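The values are calculated or read from the model by the stated rules, or taken from the named source; none is laboratory data. As the structure is a prediction and not an experimental result, all values here were calculated from the model. Cβ atoms come from the backbone with ideal geometry, glycine included; neighbour counts cover every protein chain shown.
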Amino acid sequence: MPEQTRPASGGPTLREVLLSKGYLTLLLISALVGIPVSLAAFGFVSLEHELQHWVWDSLPDAVGLDQPPWWWPLPAMLLAGLLLAPVVTRLPGHGGHVPVDGLGGPPTPPKAVPGVVLAALVCLPLGTVLGPEAPLMAMGSGLALLAVGSAKRSAQPQLAPVLGAAGSAAAISTIFGSPLVAAVMMIEAAGLGGPQLTILILPCLLASGIGALVFTGFGHWTGLSIGALSLPSVPKSGIPDPGDFIWGIPMAALVALVCVSGQGLGRKVKAYTTGDPGRSAAAPTARHTAVRTVLCAVLVGACISAYALLTGRSPEEAALSGQITLGTLAANPAAWPIGALVALVLCKAVGWGIALGSLRGGPIFPVILIGAAVGVACAPLPGFGTAPGLAAGTAAASAAVTRLPVTSAVLAAALLGVDAPDTMPLLIVASVTGFVAGELIREYGRRRAAAPLDGRSRAGVG
């Protein structure tokens, strides 16, 4: 193996960095931090799952209902909005970032962690069409930074982003069904290459591996469910044939259109609830933000209730993050009429878009269900099928929303389990198609938004 050359900038080689005392200490800190972070994440997810079960299963059963009635989401989401409003207007960190902005930005300051946890616990169990991944990542990064004093972080500026990424990886190591998904996500989102990539990947891999061990161990020991994104049963698939690609590619583009349209709605809702300096001279006051947050929560509940009214099915299928519905859809796709799938896609996409711009949670989990529902709805097309539709839909949806095509292919593969190797060519093509189609749709939207401004500008100059 050739000897590593010194960088042109004159800095240390990768070998020197990896063998340095400071980096070895960082690896040790990442491993140790992964334990308390993953314990806290396990407690958070278990509590969120138990609250969700109480709201949507135990409480309806206690009042003599076989399933939640169509109107159930309306008071539930009204309560979510009323509880969330003071969190986003008064607590440090405003309950975390608005989910339409992605999975999160810089590491979360430790003082903002209580608001992030509280916002997620009042939103997610009551039916908000968002997932737990973004609050988990924020909590993980904040707790990781809390483990290292602010003085030490100031003395070593590079410590905060690396340790924050490791904490996030530890917190979400099992929620996506595999610690590898968390590590790949942190790598791809960082956008690094060469030695910098290696320096970041090792703490993330170490922390995510330890996090997965803690999640798995405590899940077995306590018997508590963490509601990880998984498919206990999937339709049997084989090696993709030409028909799978003929239908899978345009279907992936359709999925991207639905998902990017939902994100566009989310950006408009964010401008309405919190204000957008690029569009208005004055942002809403805290009181306006609180009232508009409650209104948006009720609108999300109305979307969920609309699904129940249109289909006669349980509103729970369109509510929440979608893990449970995704599992039932994959296990028995024949039980879902095309009309119910279309209603699920439309109602959940609109509710997801409103929640993206106003409530708190993660953007990925619901969109995986939306992509899967589109795939199953397209399955009857000649030469297609349920298994390839499900695979292509999940990969395309994730890639279009996260803009991380490699992570999306790995996530879809983790969901499919033993069938993933055979389906991998279709997963990769669908992921790339979803990513490219999403970027083209966004660029088209930006040009349309800029065109009236350009026209008015020319008119003014003339």
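The residue list ALA335, ALA331, ALA343 contains one member that is in contact with a Leu (Cβ under 9 Å, 6 or more places away or on another chain), of a type in the set (A, V, I, L, M, F, W, C), surrounded by fewer than 24 Cβ atoms within 10 Å (Cβ to Cβ) and closer than 18 Å to GLY301 by Cβ, which is ALA343.
Would a scan of the stretch 386-399 turn up a residue that is surrounded by fewer than 24 Cβ atoms within 10 Å (Cβ to Cβ), more than 24 Å from THR273 (Cβ to Cβ) and at pLDDT below 95? Among the residues of the stretch 386-399, at least one is surrounded by fewer than 24 Cβ atoms within 10 Å (Cβ to Cβ), more than 24 Å from THR273 (Cβ to Cβ) and at pLDDT below 95, which makes the answer yes. As for the stretch 103-119, it holds no residue that is under 19 Å from ALA302 (Cβ atoms), touching a residue at least 40 places away in the same chain (Cβ under 8 Å), buried (at least 18 other Cβ atoms within 10 Å of the Cβ) and not polar (S, T, N, Q).
Annotation note: of ALA335, ALA420, ALA355, the sole residue that is touching a residue at least 12 places away in the same chain (Cβ under 8 Å), small (Gly, Ala, Ser) and either over 23 Å from GLU439 (Cβ atoms) or assigned by TED's automatic domain parsing to the domain that holds TYR272 (or both) is ALA355.
Going by the conditions given, is LEU103 over 22 Å from the mean Cα position of the chain (by Cα) and in the same structural domain as LEU130 (by TED's automatic domain parsing)? Walk me through it before giving the result.
Details: over 22 Å from the mean Cα position of the chain (by Cα): no; in the same structural domain as LEU130 (by TED's automatic domain parsing): yes.
It is false that LEU103 is over 22 Å from the mean Cα position of the chain (by Cα) and in the same structural domain as LEU130 (by TED's automatic domain parsing).
Per the conditions (1) without any contact (Cβ under 8 Å) to a residue 60 or more places away in the chain; (2) farther than 13 Å from ILE304 by Cβ; (3) surrounded by fewer than 24 Cβ atoms within 10 Å (Cβ to Cβ); (4) not basic (Lys, Arg), the sole criterion not satisfied by LEU381 is (1). Among the residues of the stretch 166-181, those identified as at pLDDT 75 or above and assigned to a helix (DSSP H, G or I) are ALA166, GLY167, SER168, ALA169, ALA170, ALA171, VAL181.
Counting the residues of the stretch 291-318 that are surrounded by fewer than 21 Cβ atoms within 10 Å (Cβ to Cβ), under 24 Å from the mean Cα position of the chain (by Cα) and part of a loop (DSSP other than H, G, I, E, B) gives 1.
Could you go through the stretch 258-268 and let me know if any residue there is under 21 Å from the mean Cα position of the chain (by Cα), over 30 Å from GLY389 (Cα atoms) and modelled with pLDDT of 90 or more. Yes, the stretch 258-268 contains a residue that is under 21 Å from the mean Cα position of the chain (by Cα), over 30 Å from GLY389 (Cα atoms) and modelled with pLDDT of 90 or more.
Between ASP276, ASP244, which is within 24 Å of the chain's Cα centre (by Cα) and modelled with pLDDT under 95?
Values: ASP244 fails: within 24 Å of the chain's Cα centre (by Cα).
After applying the criteria, what remains is ASP276.
Among the residues of the stretch 43-51, not a single one is more than 13 Å from LEU136 (Cβ to Cβ), assigned by TED's automatic domain parsing to the domain that holds MET139 and more than 23 Å from the chain's Cα centre (by Cα).
Taking THR423 as the residue in question, decide whether it is of a type in the set (S, T, N, Q), assigned to a helix (DSSP H, G or I) and within 16 Å of the chain's Cα centre (by Cα). So THR423 does not fit the description; no. The set of residues in the stretch 359-393 being over 18 Å from the mean Cα position of the chain (by Cα) and part of a loop (DSSP other than H, G, I, E, B) consists of ALA379, PRO380, LEU381, PRO382, GLY383, PHE384, GLY385.
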